[in-house]
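Scroll down for the structure; my scribbles are underneath it.
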Amino acid sequence: MFNTIVREVWGSLPKIAEAGQLSVRFASKKGLGSSRNGRKTAGKRLGFKVHGGASIVSGNIIMRQRGTKIHPGLNVGMGRDHTLFALTDGQVSITSQLNPASGKVRKFANVVEN
C-alpha cells in the first residue's frame with residue numbers, strides 16, 4: 001500500500017527500497033576529530049632581571065611582570081606592559097610600604113643613585 005502511494009507521488013522506487021533491504025555505507029575517510037595536543041607555549045621570561053642591591057644602568061629592565069605585582073618607586077619607570085625599568089644609574093632596592101587608604105602592603109622597586 002505504501003509503495004503504491006509513493007510511486008504515485010515520486011514515480012518509481014529503487015529496487016532495494018521495494019525489496020525492503022537497507023544498504024549500509026562505510027566511511028571512506030577517517031572522521032577528523034580535534035587534537036588534544038598543541039597547547040604548550042613558550043615561557044614569557046617574567047620576573048626579576050636585576051635583584052635588590054645590584055648596580056643598574058639607566059634604561060635597564062629591573063623586572064618584567066603581568067600587572068603591578070611590584071610598583072614603580074623612586075627613579076623607576078613603568079612600561080605599558082608593567083615592565084619596571086631604571087630612570088637613573090644606581091643600586092636597586094625593593095621596599096614594602098603600607099597603603100593607609102586600603103590597608104594593603106605594597107612592594108616598590110627603587111633605584112638609589114650612587
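Worth a mention:
- Strands (runs of 3 or more DSSP E) lying entirely in segment 58-111 (those with 1 or more residues that are small (Gly, Ala, Ser), open to solvent by less than 70 Å² (accessible area, probe 1.4 Å) and closer than 17 Å to residue 47 by Cα): 76-78, 84-86, 90-98
- Those residues of segment 37-55 which are in a loop (DSSP other than H, G, I, E, B) and either open to solvent by less than 90 Å² (accessible area, probe 1.4 Å) or β-branched (Val, Ile, Thr) (or both), in sequence order: 38, 41, 42, 43, 46, 50, 52, 53, 54
- Hey, residue 88 free of Cβ contacts under 8 Å to residues at least 40 places away in the same chain, touching a strand residue (DSSP E or B) at 6+ places or on another chain (Cβ under 9 Å), among the hydroxyl-bearing types (Ser, Thr, Tyr) and over 13 Å from residue 108 (Cα atoms) or not: yes
- Subset of segment 59-96 (residues that are within 20 Å of residue 114 (Cα to Cα) and among the hydrophobic types (A, V, I, L, M, F, W, C)): 61, 62, 74, 76, 84, 85, 86, 87, 92, 94
- Test: residue in segment 14-36 that is closer than 30 Å to residue 83 by Cα, basic (Lys, Arg) and either open to solvent by 80 Å² or more (accessible area, probe 1.4 Å) or at pLDDT 75 or above (or both): no
- Unmet requirement for residue 56, which otherwise passes all of (1) under 18 Å from the mean Cα position of the chain (by Cα); (2) within 13 Å of residue 112 (Cα to Cα): (1)
The values are calculated or read from the model by the stated rules, or taken from the named source; none is laboratory data. In this text, all values refer to a predicted model and were calculated from it rather than measured experimentally. Methodologically, a virtual Cβ is constructed for each residue, glycine included, from the backbone with ideal geometry; neighbour enumeration extends over all protein chains shown. To get the accessible areas, we keep the full protein, side chains included, count just its heavy atoms, and leave off ligands, DNA and RNA. Shrake-Rupley method; radii C 1.70, N 1.55, O 1.52, S 1.80 Å.
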